[in-house]
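The structure under discussion appears below in the form of structure tokens.
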Amino acid sequence: MSTTPTQQKTASCAFCAIAAGTSPAVVVREWDDALAIRPRSGGVNDGHVLVIPRTHVADAIEDPDVTADTVRRAAQYAAEIGADLNLITNVGPNSTQTILHQHWHIIPRAKDDGLPLPWTPQHTARAATQNGEHQ
């Protein structure tokens with residue numbers, strides 16, 4: 001039996017393996033359509049969680065219905081922790097997406113936590129260019 005490109009993609013997808021229960025993960029919340037897991041790297045802080053759909057889609061623009069369901073789950077989880085936070089997703093390698101399976105980062109924040117936003121250097125450089133400054 002031959003496989004389709006989507007099946008090949010999901011067979012080698014780390015998040016699909018976690019959703020299927022064939023790869024370990026620290027699961028902090030489960031829904032029928034999504035999981036909230038701790039990043040294997042430990043994340044950028046102690047509360048960093050990823051919300052992933054159980055269905056394989058490469059990113060947040062591939063399937064708007066899966067995206068809507070998954071961000072709803074991310075927002076539900078975020079509301080439960082009730083803190084200031086970043087709710088972030090990336091689309092494509094040029095936006096720093098490293099696993100091509102849609103996922104939402106929930107990153108709790110605190111005043112003066114020292115955690116820079118990923119786009120801060122780009123924003124600073126763009127503002128300087130627009131103001132006629134040179135780096």
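Compared with the alpha-carbon gap, the fully stretched path from Ala68 to Asp112 is longer by 12.7 nm at 0.36 nm per residue.
Would you mind putting 55-62, 93-100 in packing order, based on average other-beta-carbon counts within 10 Å, highest first? Show your work: numbers first, answer last.
On the way: 55-62: 17.4, 93-100: 12.2.
The peptides rank, most packed first, as 55-62, 93-100.
Using θ = phi - 60° in the Karplus curve 6.51 cos²θ - 1.76 cosθ + 1.60, the 3J(HN,Hα) couplings for the stretch 36-43 round to 10, 10, 7, x, 4, 6, x, x Hz; x is entered for Gly and Pro.
Here, each number is a calculation from the coordinates, and none is a lab measurement. Remember, predicted model here, so these are calculated numbers, not experimental data. Note: ideal-geometry Cβ built from the backbone for every residue, glycine included; neighbour counts use all protein chains shown.
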